[in-house]
Amino acid sequence: PFSTLKSLKVHFPPFEEQEEIVKILQSVEKRILAAEKDVQLLNKIKQGLMQELLTGKKRVKVDDSEEVLS
C-alpha cells in the first residue's frame with residue numbers, strides 16, 4: 001500500500017500555472033459566494049411577500065377589473 005504509493009510518479013504543472021489556476025478558482029469561488037448571498041436575500045424577500053399575500057396585506061390584480069383576495 002504505502003510502497004505502491006511511494007513508487008507512483010505524479011506530475012504537477014509548473015508553479016506559475018498552478019498560481020494561475022488558483023487565481024481562476026478563487027475568482028469563481030467569489031462569484032459563487034456572491035450568487036449564494038443573492039439567493040439568500042431573494043428568499044427573504046420572497047418569504048416576506050408570501051406572508052403579506054397570505055395575510056391579505058397585499059392584493060394581486062389578475063387583470064384591470066379583477067382582484068384576487070387572499
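The values are calculated or read from the model by the stated rules, or taken from the named source; none is laboratory data. This structure is a prediction, so every number in the text was calculated from the model and none was measured. Using ideal geometry, Cβ is built from the backbone for each residue, glycine included, and neighbour counts are taken over all protein chains shown. Calculation scope for accessible area: heavy atoms of the full protein, side chains included, ligands and nucleic acids excluded. Shrake-Rupley method; radii C 1.70, N 1.55, O 1.52, S 1.80 Å.
In the range 1-35, which residues are of a type in the set (S, T, N, Q) and at pLDDT 95 or above? Working first, answer last.
Pass one, the range 1-35, residues of a type in the set (S, T, N, Q): 3-4, 7, 18, 26-27.
Passing the criteria: GLN18, GLN26, SER27.
Within the range 15-66, can you find the residues that are touching a Leu at 6+ places or on another chain (Cβ under 8 Å), of a type outside the set (Lys, Arg) and open to solvent by 100 Å² or more (accessible area, probe 1.4 Å)?
none
Kindly list the number of the only condition in (1) exposed (fewer than 10 other Cβ atoms within 10 Å of the Cβ); (2) at pLDDT below 85 that fails for SER70. Going through (1) exposed (fewer than 10 other Cβ atoms within 10 Å of the Cβ); (2) at pLDDT below 85 one by one, SER70 breaks only (1).
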